[in-house]
Amino acid sequence: MGWVTTWQRIKHNPMNQNRWQTFKNHKRGYWSLWLFSSLFFISLFAEIIANDKPLLVQYDQGYYFPIWQDYSELTFGGELDIPADYRDEYIQEIILDKGEIWWPLIPFSYDTFNYDLTEPAPSMPTLQNLLGTDDQSRDVFARLIYGFRISVLFALTLTFFSSIIGIAVGAIQGYFGGRIDLFGQRFIEIWSGLPMLFLLIILASLVQPNFWWLLGIMLLFSWMALVDVVRAEFLRGRNLEYVRAAKALGQSHRAIMFKHILPNAMVATMTFLPFIFTGALTTLTSLDFLGFGLEAGSPSLGELIKQGKNNLHAPWLGITAFISMAIMLVLLVFIGEAARDAFDPRKDCQ
Amino acid sequence: MTHKNSSLVVSDVLAVNNLSVAFGHRTVVKDVSFSIEKGKTFALVGESGSGKSVTALSVLQLLPDDASYPNGSIELDGTDVMAGSKKVMQALRGNSASMIFQEPMTSLNPLHTIEKQLSEVLFLHQGLNKKSTKLRCIELLELVAISDPKAKLAAYPHELSGGQRQRVMIAMALANEPELLIADEPTTALDVTVQLQILNLLKSLQAKLGMAILLITHDLNIVKHFADDVAVMQEGKLVESGSVVDIFSNAQHDYTKSLLNAEPESVVTKQVRTKPLLVVNDFRVWFPLKKGLLQRTFDHVKAVDGVSLELYQGETLGIVGESGSGKSTLVQGLLRLIKSEGDIFYNDCNLQNLNLTQMREHRQSLQIVFQDPYGSLSPRMSVQQIISEGLEVQGKHDDKEILQAVKQSLKDVGLPDDAIQRYPHQFSGGQRQRIAIARALVLKPKVLILDEPTSALDRTVQKQILALLQDLQQRYQLSYIFITHDLSVVRAVSHRVLVLKSGKIVEQGSTEEIFTAPKHAYTQNLLEAATFASRN
């Protein structure tokens with residue numbers, strides 16, 4: 001069965017329509033979902049909103065798109081065969097001579113050093129740097145947009161992979177039960193005893209952790225969150241009469257797990273997801289704050305908080321980090337609340 | 001111990017006048033009036049959803065808060081229940097009237113001993129001290145005829161059988177010698193032999209203590225033998241009431257008549273015997289009991305032990321037995337849903353030797369319909385998905401062909417075409433059972449195993465389903481293995497009957513033989529209990 005028909009089936013199930021209605025009726029959660037999705041959608045185009053390269057350059061009858069392609073200085077009549085630095089006044093001059101430059105809303109990328117500051121970095125918010133600059137004279141607003149994107153992407157990927165692994169492991173343990181279940185549970189007990197933070201610290205001294213390294217290591221531990229609920233649902237589900245009826249029809253184990261029991265387990269899973277997501281966000285931020293997170297120079301909210309702590313005389317750093325984290329987490333918690341209400345089984349009974 | 005002052009001469013223990021009960025805007029009980037005399041048994045009869053339990057619960061004001069009483073009054077032992085405060089009600093509950101429920105498995109707290117649960121009632125209402133409480137507990141257990149009551153005091157509910165638990169419940173209800181005992185389907189969850197014991201116990205207790213009993217049941221057989229007066233409820237209204245003798249001999253209302261006639265009629269047709277379709281030899285399902293660190297098997301629970309049977313085409317084989325006799329285990333083993341030993345020959349092919357893939361081909365010939373029409377259909381799948389699933393498993397992928405087959409099988413079980421896009425929760429119990437039958441039928445099976453297919457249904461619906469099964473058997477020459485604990489059903493549908501006890505066959509033969517001249521003592525016992533023959 002294709003994805004489209006599966007989606008149609010899920011969409012047209014009256015129970016799911018009911019849930020969607022409940023979710024919509026939960027005004028706070030519904031608006032939070034819209035707001036959060038819009039923010040995330042906008043941040044996906046961070047390169048267009050905040051960049052130190054122009055969106056479009058018109059030069060000598062030709063159009064150039066510096067964001068997507070590197071051009072040599074020679075293209076614009078410069079002297080050296082090096083990539084053009086559009087923030088350089090000389091380059092700007094020669095381009096404007098024969099054409100036009102269109103800049104993004106914020107003419108800084110997350111790693112652009114603003115050399116034109118009138119005061120020592122970190123500098124106060126000005127019209128040029130709306131939220132000021134950090135202690136390396138980088139624009140805080142640009143870093144915030146990129147940092148938000150990477151945090152949400154990280155949390156999304158982590159949630160996605162840990163639920164896939166968690167659901168699969170929980171399903172297998174619960175469905176087959178017996179020895180598989182016993183060994184699985186004991187393994188999880190031992191595995192969850194390993195200290196994740198220490199592992200990350202040790203790793204940080206061995207390799208330079210990047211996005212994927214962090215994701216991999218956190219995945220090693222975060223998949224266990226869902227195992228228990230899914231396993232419980234499958235333990236219950238495998239003895240339901242309609243599951244036995246499916247067995248009597250000759251349905252394979254995989255199909256029974258997917259078609260008959262998994263939908264039941266999805267209720268618990270969907271309720272948990274927003275909270276796993278929030279957890280992943282917070283973990284990444286705290287690792288960055290401690291300095292064991294993403295590589296140096298990456299835009300990240302945790303790093304911004306750290307700067308705020310180190311530069312108490314520049315309150316715009318700490319306040320920006322605090323407000324953005326708070327808004328993000330509050331929106332997510334509201335979404336999670338609405339999802340929890342929508343999937344509340346007591347509502348289904350009515 | 002203080003006896004209630006009975007100087008007040010009230011012959012009616014309970015008087016209900018024009019009672020209506022509503023949940024929100026939905027009125028579920030409408031203008032019901034009846035009264036119960038001291039020492040009499042009054043039966044409230046009706047199908048599920050007719051409002052009989054709601055009526056009974058409102059007597060003790062035990063309904064949830066969203067219930068309202070638009071009009072009517074209830075007078076219990078001379079007290080107006082409706083006007084009573086919470087305190088007054090608490091004093092009435094247990095003292096003037098007490099209640100026993102249907103499910104003895106869940107009405108007792110599994111974490112407390114019998115003594116603790118019994119003495120709680122005594123503490124609450126009588127304020128006895130520890131020593132006299134214990135004596136009274138033993139006395140009560142003796143009253144409900146539990147063997148070795150002293151030892152049972154320390155027992156936990158799971159250590160008692162269903163019948164014993166119901167006896168404990170009765171003991172708790174009687175602890176304060178109430179004027180009225182409300183029994184809400186007290187024996188529905190019990191086996192017939194235990195049911196008879198419990199009903200006889202209630203009768204003798206009534207004679208001893210002189211209390212009135214409000215008996216709620218759907219089983220007219222019980223009413224006939226145990227009640228003095230009866231009232232019939234339909235959709236919240238009292239359609240007819242009177243003495244049991246009157247109603248049973250001369251029912252006025254159509255609904256009462258249909259209830260009285262809902263006893264399953266014999267629908268067995270003649271059949272020609274050829275070669276047996278299914279032959280089972282020395283069939284065993286043993287569950288190992290393990291102990292120790294290495295999980296060594298030291299013994300087995302012999303759920304099914306050495307059963308041999310054969311089934312012919314177009315025949316119905318009834319399997320009868322009490323709960324725990326291994327009926328369901330037997331058929332699940334036959335379908336290889338659980339591990340078993342012994343030969344299962346279907347069309348000379350031994351199913352026991354097949355692997356999963358080979359077995360899949362045979363699954364369409366052997367299908368099963370389960371007991372619970374609410375549990376056996378996935379709530380997340382539409383009727384079409386439910387019925388077509390089997391076809392897809394069997395490797396049919398032509399959408400048109402599948403749709404055609406689904407529609408045909410819906411037609412076969414008497415459901416309309418537009419049912420196809422609906423979901424199970426939009427159907428009634430009887431209709432759901434039809435869907436479950438359609439799911440099996442769409443595969444064109446030769447053998448259909450029916451595991452208590454009608455136990456969860458009301459009598460009138462049960463009759464319709466039995467007629468449907470009969471019709472299908474004739475049309476498609478189906479063979480049925482029909483499992484039930486209800487002897488009247490078995491008698492109505494089977495050609496042959498097999499009596500199972502503790503996993504062993506105690507007797508088998510033609511339906512006529514078994515019912516008219518049972519040879520084994522166990523069968524005789526079962527038949528007696530089912531028809532209340534011993535009382536007459």
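The values are calculated or read from the model by the stated rules, or taken from the named source; none is laboratory data. Since this is a predicted model, take the numbers as computed values, not measurements. Quick reminder, even Gly has a Cβ in these numbers, built from the backbone with ideal geometry, and neighbours come from all protein chains shown. Ligands, DNA and RNA are excluded from the accessible area calculation, which covers all protein heavy atoms including side chains. Shrake-Rupley method; radii C 1.70, N 1.55, O 1.52, S 1.80 Å.
Couple of notes before you dig in:
- Heavy-atom accessible surface of region B:258-380, averaged per residue, reaches 50 Å², computed with a 1.4 Å probe.
- Positive-end ranking of B:PRO110, B:VAL45, B:MET381 along the dipole of chain B, with charges on Cβ about the Cα centre, is headed by B:PRO110.
- Estimated Rh, region B:97-198: Kirkwood, alpha-carbon pairs, angstrom: 13.6
- Net charge contributed by nearby residues that have their C-beta within less than 10 Å of B:SER479 (K/R +1, D/E -1): 0
- Nearest-ten-degree value, helix A:211-222 long axis tilted from longest Cα axis of chain A: 20
- Under the Debye formula (equal points on every Cα, no solvent term), log10 I(q)/I(0) of region B:1-153 at q = 0.16, 0.20 Å⁻¹: -1.07, -1.34
- Using a 1.4 Å probe over protein heavy atoms, the accessible area lost on pairing A with B, summed over both chains, comes to approximately 2200 Å².
- Rounded to the nearest Hz, the phi-derived 3J(HN,Hα) couplings of region B:352-365 under the Karplus curve 6.51 cos²θ - 1.76 cosθ + 1.60 (θ = phi - 60°) are 5, 8, 8, 8, 4, 5, 5, 5, 4, 5, 7, 4, 5, 7, where x marks glycine and proline.
- The magnitude of the dipole of region A:1-69, with charges of +1 and -1 set on the Cβ of Lys/Arg and Asp/Glu and taken from the Cα centre, is near 760 debye.
- Amide H contacts for B:GLU240 (H built 1.01 Å from N in the peptide plane; partners 5 or more residues away or on another chain; cut-off under 5 Å): B:VAL232.
- When the other protein chains are added to the chain by itself, burial of at least 20 square angstrom of heavy-atom accessible area (probe 1.4 Å, ligands and nucleic acids ignored) affects these residues of region A:7-48: A:ARG9, A:ASN13, A:PRO14, A:MET15.
- Going from the isolated chain to the complete set of protein chains, region B:403-425 loses at least 50 Å² of heavy-atom accessible area (1.4 Å probe) at B:TYR423.
- Shape summary of region B:83-123, radius of gyration then Dmax from alpha carbon positions: 12.5, 36 Å.
- Helix B:521-531 vs. chain B, principal-axis angle (Cα, 0 to 90°, nearest 10): 60
- Rounded to the nearest angstrom and listed largest first, the equivalent-ellipsoid semi-axes of the protein assembly as shown from its Cα gyration tensor are 68, 37, 27.
- Area of B:GLU235 that stays accessible when all protein chains are in place (1.4 Å probe, Å², to 10): 130
- Using a probe of 1.4 Å, the accessible surface attributed to A:MET124 totals some 100 Å² when neighbouring protein chains are kept in position.
- Coupling constants for region B:204-211 follow from the phi torsions by the Karplus curve (6.51 cos²θ - 1.76 cosθ + 1.60, θ = phi - 60°), and in residue order they are 5, 5, 5, 5, 6, 9, x, 8 Hz; glycine and proline get x.
- Under-5 Å amide H pairs with B:GLU263, H placed in peptide plane, nonlocal only: none
- Bridge type composition, the protein assembly as shown - antiparallel percent by DSSP, nearest 5: 60
- Residue-span extension gain [B:THR357 to B:GLU528] - 0.36 nm each, minus C-alpha spacing: 56.9 nm
- Just the protein heavy atoms count here, and of the accessible area of the protein assembly as shown at 1.4 Å, carbon and sulfur take up 57 percent.
- Shown in residue order for region A:188-204 are the 3J(HN,Hα) couplings computed by the Karplus curve 6.51 cos²θ - 1.76 cosθ + 1.60 at θ = phi - 60°: 4, 4, 5, 4, 6, x, 5, x, 5, 4, 4, 4, 5, 5, 4, 5, 4 Hz (x for Gly and Pro).
- Normalising by residue count, chain A has a Cα convex hull of 194 Å³ per residue.
- Helix B:459-476 axis, angle to chain B major axis (alpha carbon atoms, nearest 10°): 10
- Cut-off under 5 Å, modelled amide H: who pairs with B:THR316 long-range: B:TYR480, B:HIS495, B:ARG496
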